[in-house]
Every structure is written in structure tokens, then in C-alpha cells.
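Scroll down for the structure; my scribbles are underneath it.
Bear in mind these aren't lab numbers, they're just calculated from the coordinates by the rules spelled out. Since we're looking at a predicted model, the values are computed, not measured. Ideal geometry is used to build each Cβ from the backbone, glycine not excepted, and the neighbour counts take in all protein chains shown.
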Amino acid sequence: MAQETPKPKQQTPEKPRHQIAKRNGRSALCLGFLWCLVFAVWSFAPATLALSADDDRFLDTLERASFRFFWESADPNTGLVKDRSRADGQDPREVASIAATGFGLTALCIAHERRYFSRGEIESRVLNTLRFLWDGLPHERGFYYHFVNFRTGERVWKCELSSIDTALLLCGVLTARRHFRNPEIRRLGEQIYHRVDWRWMLKGSNVLAHGWKPETGFLKSNWDHYCELMMLYLLAIGSPSNPAPAETWHAFTRPVFEYNGLKFISSKDPLFIHQYSHAWFDFRNRRDAYADYFENSVIATKAHKQFCLDLRDRYPHFADDMWGVTASDSAKGYRAWGGPPEHGDIDGTLVPCAAAGSLPFLAAETIQVLRALRARYGERIWKRYGFIDAFNPQTGWHAPDVIGIDVGISMLMAENLRSEFVWRTFMKNPEATAAMDRAGLTVPGN
């Protein structure tokens, strides 16, 4: 069974080394230096060392199934990825989401790196996607509509121009920009990101708006409390063109919640808010004046597991290897539910991507859940694209669909646990590291 990903430790302080040298001379000093070198290698060991061969194969199977969704559920000409699909494939619906497309671009990078499919065809799909995003998909000052037709890019359902979903798309764009050596991919990735007018979305305030509609203007709601917004603000602060001021990082609230002795920054939101920004931005070993956000997500996941276990009187199937509720489909439609604190009329439904999205935070516990889910329920919940979106063991309800963003967070976090590939690739974007520095997210001691 996998263990939690070890955190890099500080180097051994100088004082003990000098004491050894004084006692034993040059040979002891060399021995001490060698010990420190071994210690450093161990401390910074990649996440792959924490996984058993069986766990790694299981996650590889999950990633391959996830990639199949992103390959088959995208239009090959536009690259836009469907918002959802039937779990067994063959879905006639044509509504794409730009968030799913952002996850999809990152999934293509992973598949290219792991050779899940023809590298040439993957690169061609990425190039088609970026070309369409640059000059085919309707936008306003670089921001895109939440839901569009996956063949034409036309806005559907009179949806909003979405700032957070544009951010999810841009994370995929920037991952592709750094992974592929193709000069056109790199140029288009840069142009798409630099075109965004972040100051416009601030609408004269110090917080970003949720979105905008051509019929009514800016939405009334703003990104003003801690949630998945960190990637949005960092992308805005790091942009070389029309950036948001660094002070906007301090403008959203960070309420502290306590559950069963566990204290962490959170609001009354589903578990995914602690996962999405971490899929691309590497917050490990960085903190600002408020928190270590990676550790905050670790604590939030621990609290969520305990919260689910505390519901066993109502839902006896919840167990140490059977937990996880986040925004998902339900028997009564889509629900933004979870806890702690409990919200969204939880009914015993289990959501596999709740555990999968927290794989880097609690490796052993989340892999245990995912493997138990598949072993116990088999083909009832595992289809062509991996896990179905949600199911309720108590009532027998099973979601007929998978949802792109839920498949996406599962695949990306599985890869980050296995190899740190998404973190390593995305953080090569100079704008990402510059944004974290401007926001005051620094490595302690530096």
C-alpha cells in the first residue's frame, strides 16, 4: 500500500557537521558530507518511490481509461472536449466545456509523455485545439464562454463568460506550451494567455468577477473567499499583459474551520476546491502570510474522511476504505455537496473523484478507497472511461455519465502522485513562478 508523499526536508544544519569534523578530522567530515548527500536524495525522492508496483499499475489503468475519454469525447478539428459523456461511450451530445478542454489538454500532455497513443496524432490534436482557441472560439478580451458546441464553438444555454473556467482552460494551454517543443504550440500558448485582460474582469475592484454576459454585463458574484480561486488569481497576477495587481492575492477571505480538532482554511464548499489549483500549481514547500496551502489541502482531506466516517449511522457503507463526496451527479441531478460542514443534502452517494482528486495529499488512504471501490463494485461503476461519476450503494442508483472535470482531476492528480509530471511541466512557465513570488508564496528560509 502506498504511503503519503514525503515532503522535502531541510538540509542537515551545519553545526553537527562541524562537531564531527573537530572530533574525527577530514575523514569524518567526508563521511558527514556523504551522509548529507544521501539524506538529501532521500528527502527529495519523487512520489513514485512511495507506490507499490500494484498501486502504480492500478493508477496507470485509471489514467489510460481517463485519457480515452479525452480522446474520444473531443472534436478532432476544434479539440473542444464534451462536458460529459455516457460512461460506456457513444454519446450524441455536443456540449463542450472549456474547463474540460483545459483538463483535456493536460491529459494529452500526459498521454504523450507516457506514450498512451501515437505521439504524432496527440501533437496534431493539441495544435488543432490551440489554433481554434486562438482564432475560432468566440471570446471577450480573452475570456471564453463556459459551455459551447464542441464542433462549432458557439455559445450554448446563454451561459456566462466564465473567469474560473477560462483559468482551467489556460492551465491546460500553459501545460501544453511547456511540454511540446513545437514552436507553433509554444507561440499559440503564449498568445492565448497573454490576450486575457485581467484588469477588465476586476471591474474596478480588487476581486475578480465570476463572469460576464453580453446581455447583462458582469455577474454580481465575485471570487472573494478561499476556494479553487488560487489558480485564477495567480494566472492574473503572473500575466505579462493586463495583469491583476499583486494586492488582489490578499483581497479574498480565508475563513478557518475546525472539525474534530483539525483546523484548516475552508468555506462551505465541496472537496474539489482543495484540489483544482493544486493540479497544476505546485504549492509544496511554499507558504504565504496565511498558510501552507498544500498542507491545508492535506488537512482538509483528512477532515473530509473523518466527516464521512461520522455519517456511518446514516450510511453504513461509509467505511475506512469507502468514503468521498464532492460536487457530482446524483439521483436528483447535479449537486454541490460534501463537508465538513455538511451541505447539499447528502444521501449516501459516493463520488470516486473525491478520493482521486486528493491522491497527492493522502496517497495511502485514497488509493485504498479507489481500489476498494473497483474491487467491490466492479463493472457496475467501472466503464469505458474508468469510474462512473457517482453511485449510491444504499439505493442502487448509478450515474449513467462521466463528467469531464471529474475525470480530469482524477487523471492529473494520479499522474502528479506517480511522477509529478504536471507540476514539473506547468511550473516551467516563468509566469507561474513569478506570480507565486509576487503573491508572497515563498520557500521558508529563502
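Using 0.36 nm per residue, how much length does the chain from residue 332 to residue 256 gain when fully extended, once their Cα-Cα distance is taken away?
On the way: separation 76, 0.36 × 76 = 27.36 nm, distance 3.13 nm.
Value of the extension gain: 24.2 nm.
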Q. How do 110, 192 rank when sorted from fewest to most other Cβ atoms within 10 Å of their own Cβ?
A. 192, 110
Q: Could you line up 145, 226, 259 from fewest to most neighbouring Cβ atoms inside 10 Å?
A: 259, 226, 145
Q. Want the number for residue 53 to residue 289: 0.36 nm per residue separation, take away the alpha-carbon distance, what's left?
A. 81.0 nm
Q: Among the trypsin sites (Lys or Arg not before Pro) in region 201-308, which ones are in a DSSP loop with at most 14 other Cβ atoms within 10 Å of the Cβ? Mind listing them?
A: 203, 220
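Subtracting the Cα-Cα distance from 0.36 nm times the residue separation, let me have the gained length for residue 343 to residue 158 in nm, one decimal. Let's see the in-between values first.
Numbers: separation 185, 0.36 × 185 = 66.60 nm, distance 2.81 nm.
That pair, residue 343 and residue 158, stretches by 63.8 nm at full extension.
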Q: Answer rounded, prolate or oblate for region 141-216, using the Cα gyration tensor with square roots of eigenvalues a ≥ b ≥ c: rounded when a/c is under 1.5, else prolate when a/b is larger than b/c, else oblate.
A: oblate
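Take each complete run of DSSP H in the chain, measure how far its Cα atoms stretch along the helix's own axis, and keep only those covering 15 Å or more with mean Kyte-Doolittle hydropathy at least -1.0; list them.
On the way: long enough: 14-43 (27 Å, 0.11); 53-72 (28 Å, -0.72); 98-114 (24 Å, 0.92); 119-135 (24 Å, -0.44); 163-179 (24 Å, 0.69); 183-194 (16 Å, -1.10); 293-309 (24 Å, -0.01); 363-377 (21 Å, 0.07); 404-418 (21 Å, 0.65).
Qualifying helices, which must be both long enough and hydrophobic enough, are 14-43, 53-72, 98-114, 119-135, 163-179, 293-309, 363-377, 404-418.
List the pairs from 263/302; 82/220; 158/213 whose alpha-carbon separation is above 18 Å, in the order I gave them. Please list the in-between numbers first.
Working: 263/302 10 Å; 82/220 28 Å; 158/213 8 Å.
Exceeds cut-off: 82/220.
Where does each of 420, 184 land when they are ranked from fewest to most other beta-carbon atoms within 10 angstrom?
On the way: 420 18, 184 11.
Ascending number of Cβ neighbours within 10 Å: 184, 420.
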Q) How far apart, in nm, are the 7 Å Cα→Cβ label points at residue 197 and residue 424? A) 4.0
Q | the chain: projected area of the alpha-carbon convex hull, averaged over directions, in nm² | A | 23.0
